[in-house]
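What follows is a set of notes on a single structure, which appears directly below.
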Amino acid sequence: MNKRNHKNNGNLQRVMTIAAGNGDMGFVREVEKRSGADLSACFHCRCCAGGCPFIEAMDYAPHGIIRLAQLGLRDEVLQSATIWTCVGCHTCSIACPMAIDMAAVMDAMRGIALETDAAIAEPDVLDFHREVLRSIERYGRTHKLEIMMRYKVKTRDWFTDMDVGLRMLAKRKLDLLPSKVKNTQDLKRMFRETAERGTP
Amino acid sequence: MSRSKRIPLSYFPGCSMATTAKENNRSLIEFCERIGYDLIEVPDWNCCGSSSAHSVDAELAQDLAARNLTLAPKGRPLLAACPNCMLRLRGAQRHLAEVPDAQQRCEARWGRPVDPNLKLIHFFDLLAGADMKGLNKTSPGLKGMKFVPYYGCMLARPPAMRHEPNHHGLMEKILSDLGAEPRRWGYGARCCGTFLSVVRPDVVGAMVDAIFRNAAAAGADCLVTACAMCHMNLEVRSTLQNRIPVLHFSEALALAVGEGNGKDWFSRHLVDPRPLLRSARLIA
């Protein structure tokens, strides 16, 4: 496997060389099954890339991820930053002439990455999602102050956003106590059953 | 409108509107009351799963949203104003209808029936049919307010939902019917970044600054947002010293019908909109 210059840094014109010898063709079928999207429909017009607001923070453009999957380059997909950077805003989907549900494709790829213990290129994104889910598990709703505090502990980054947090507290935008559901057992049960079939 | 019968609606506020954006929640409820709708909060609703549940576990995301559908009373339409909550609730409803046994399993799990015909309506759906010009005759209106509409990602939807009604231009239409002046610009549908705001503040900050600069260049006095999360990301992530305020759409509507005075909504903004609102004589 030979990769060169695969970081596009927002420059779509940069040449990318990937040798695809023994591609895993089962992978693209699995992504299609989970997402309901037909990845062979993509003809790389780059409409998705042109509209993506966060392409600069990705290593592969959205259509590039589809190309990797088409070539069976499973590890490149599952270890990419792109699948974690995509926020699922659907801007690409409305631009796509083939109506590919890119957000569903990314969801499918993240799911496979987690289930197969792939190396996570953007661990902070996953940490944040896990903190949000932990909050929902405990309270049934998101408690933003606690999510932020726990996220800070996990990423050991205490100083970024201290000023933002204080301004939000001053403007009463961060509640000290969580808004909670009454029947917290419902949520605990839901998460327990989720854990029993495989942890998120 | 006041002469017609009042209409009760189930209401799903969602976490942002229930906590960080209470001003969005209150102004929405008061505006809806004013135009004839009584909002009744769904009892014991839970988080729709937000951007995080579907990012790591598709099934959990469906389960979270679906529990809320079991809590909504049969026959009364369910209103949500948060675009992402609405998307998740609609996704769960489609999931229950299309996946064999999904509805039966959901009902067995919670011991409650799900109304498969529950009408899910977004705040925009409610406004699309409303006659604002009629309302304008009896209200102070928004004369003199120049704004740019910020939709974020709410008008972009997954392909499976592309045949559902869309509301391009709705904020411009409604607010100009109420006397405000929309300005044309190119950043109304740039995504606010959702969770990247926390994880990659550098990336989102640059994006948000571009949004503010373009709004000011378009001659707007304020931005108007349709989503509480967009509102928060715009407010907390901008690094610009001087920037125009951001109003929730519901605040602009409540102001237009004269419900803005004496409210504590505007002191909750990071960029204080009160000087602007006073100079436009929208608050005292």
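With respect to the conditions (1) within 14 Å of chain B (Cβ to nearest Cβ); (2) surrounded by fewer than 24 Cβ atoms within 10 Å (Cβ to Cβ), A:GLU76 falls short on a single one, namely (1). In the stretch A:89-134, the residue that is surrounded by the fewest Cβ atoms within 10 Å (Cβ to Cβ) out of those that are small (Gly, Ala, Ser) and facing chain B (nearest Cβ under 7 Å) is A:ALA99.
Let's see how each residue does on (1) under 22 Å from B:CYS153 (Cα atoms); (2) touching a helix residue (DSSP H, G or I) at 6+ places or on another chain (Cβ under 7 Å):
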position	(1), (2)
A:PRO97	yes, yes
A:PRO123	no, no
A:HIS129	yes, yes
A:LEU133	no, yes
A:LYS154	no, yes
A:VAL164	no, yes
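Scanning the stretch B:32-66 for residues that are within 11 Å of chain A (Cβ to nearest Cβ) and among the hydroxyl-bearing types (Ser, Thr, Tyr), we see that the one that is farthest from B:ALA80 (Cα to Cα) is B:SER55. The set of residues in the stretch B:92-109 being closer than 11 Å to B:LEU69 by Cα and under 25 Å from the mean Cα position of the chain (by Cα) consists of B:ALA92, B:GLN93, B:LEU96. Looking only at the stretch B:66-110, residues that are assigned to a helix (DSSP H, G or I) and not acidic (Asp, Glu) come to 29 in all. Do we find a residue being in contact with a His (Cβ under 7 Å, 6 or more places away or on another chain) and assigned by TED's automatic domain parsing to the domain that holds A:ASN183 anywhere in the stretch A:117-138? Within the stretch A:117-138 (the criterion being in contact with a His (Cβ under 7 Å, 6 or more places away or on another chain) and assigned by TED's automatic domain parsing to the domain that holds A:ASN183), the answer is yes, since at least one residue qualifies.
Is the stretch B:42-65 home to any residue that is modelled with pLDDT under 95, in a helix (DSSP H, G or I), closer than 30 Å to B:LYS137 by Cα and out of contact with any strand residue (DSSP E or B) (no Cβ under 9 Å at 6 or more places or on another chain)? Scanning the stretch B:42-65, I find no residue that is modelled with pLDDT under 95, in a helix (DSSP H, G or I), closer than 30 Å to B:LYS137 by Cα and out of contact with any strand residue (DSSP E or B) (no Cβ under 9 Å at 6 or more places or on another chain), so the answer is no.
I'd like to check something: does the stretch A:57-71 contain any residue that is part of a helix (DSSP H, G or I), out of contact with any Pro (no Cβ under 7 Å at 6 or more places or on another chain), facing chain B (nearest Cβ under 9 Å) and not polar (S, T, N, Q)? Yes, because at least one residue in the stretch A:57-71 is part of a helix (DSSP H, G or I), out of contact with any Pro (no Cβ under 7 Å at 6 or more places or on another chain), facing chain B (nearest Cβ under 9 Å) and not polar (S, T, N, Q).
Return yes or no: is A:GLU56 surrounded by fewer than 21 Cβ atoms within 10 Å (Cβ to Cβ), within 14 Å of A:ARG110 (Cα to Cα) and either in the same structural domain as A:ALA103 (by TED's automatic domain parsing) or at pLDDT 95 or above (or both)?
Here the answer is no, as A:GLU56 does not meet what is asked.
Of note, A:ILE65 satisfies the criterion of being at pLDDT 95 or above and among the β-branched types (Val, Ile, Thr).
If you go through the stretch B:95-118 and keep only what is touching a Gly at 6+ places or on another chain (Cβ under 9 Å) and either touching a residue at least 40 places away in the same chain (Cβ under 8 Å) or of a type in the set (Ser, Thr, Tyr) (or both), you end up with B:ASP115, B:LEU118. Collect the residues in the stretch A:171-199 that are more than 9 Å from chain B (Cβ to nearest Cβ) and hydrophobic (A, V, I, L, M, F, W, C), keeping them in residue-number order. Those that are more than 9 Å from chain B (Cβ to nearest Cβ) and hydrophobic (A, V, I, L, M, F, W, C): A:LEU176, A:LEU177, A:ALA195.
Pairs meeting the criteria (first residue in the stretch B:202-215 and in the same structural domain as B:TYR187 (by TED's automatic domain parsing), second residue basic (Lys, Arg), beta carbons under 7 Å, at least 6 apart or on different chains) are B:VAL204/B:ARG237; B:GLY205/B:ARG237; B:MET207/B:ARG190; B:VAL208/B:ARG237; B:ILE211/B:ARG190; B:PHE212/B:ARG243. Checked against the criteria, A:LYS188 does not count as assigned to a helix (DSSP H, G or I), closer than 16 Å to B:VAL199 by Cα, of a type outside the set (A, V, I, L, M) and out of contact with any strand residue (DSSP E or B) (no Cβ under 7 Å at 6 or more places or on another chain).
Looking at B:ILE40, B:ILE29, which is the one that is free of Cβ contacts under 8 Å to residues at least 24 places away in the same chain, under 20 Å from the mean Cα position of the chain (by Cα) and more than 30 Å from B:VAL199 (Cα to Cα)?
Just a single option satisfies the conditions, and that option is B:ILE29.
Across the stretch B:229-256, the number of residues qualifying as surrounded by fewer than 21 Cβ atoms within 10 Å (Cβ to Cβ) and within 23 Å of B:ILE35 (Cβ to Cβ) comes to 0.
Checked against the criteria, B:LYS74 does not count as within 14 Å of chain A (Cβ to nearest Cβ) and surrounded by fewer than 21 Cβ atoms within 10 Å (Cβ to Cβ).
Got a number for residues in the stretch A:149-200 being closer than 21 Å to B:LEU64 by Cβ and surrounded by 15 or more Cβ atoms within 10 Å (Cβ to Cβ)?
Residues that pass the stated criteria total 15.
Each residue in the stretch B:4-24 was checked for being over 16 Å from A:MET168 (Cα atoms), touching a residue at least 40 places away in the same chain (Cβ under 8 Å) and either charged (D, E, K, R) or part of a loop (DSSP other than H, G, I, E, B) (or both), and 2 pass.
The values are calculated or read from the model by the stated rules, or taken from the named source; none is laboratory data. Just so it is clear, the model here is predicted, and its values are computed rather than measured. Note that each Cβ is placed from the backbone with ideal geometry, even for glycine, and that neighbours are counted across all protein chains shown.
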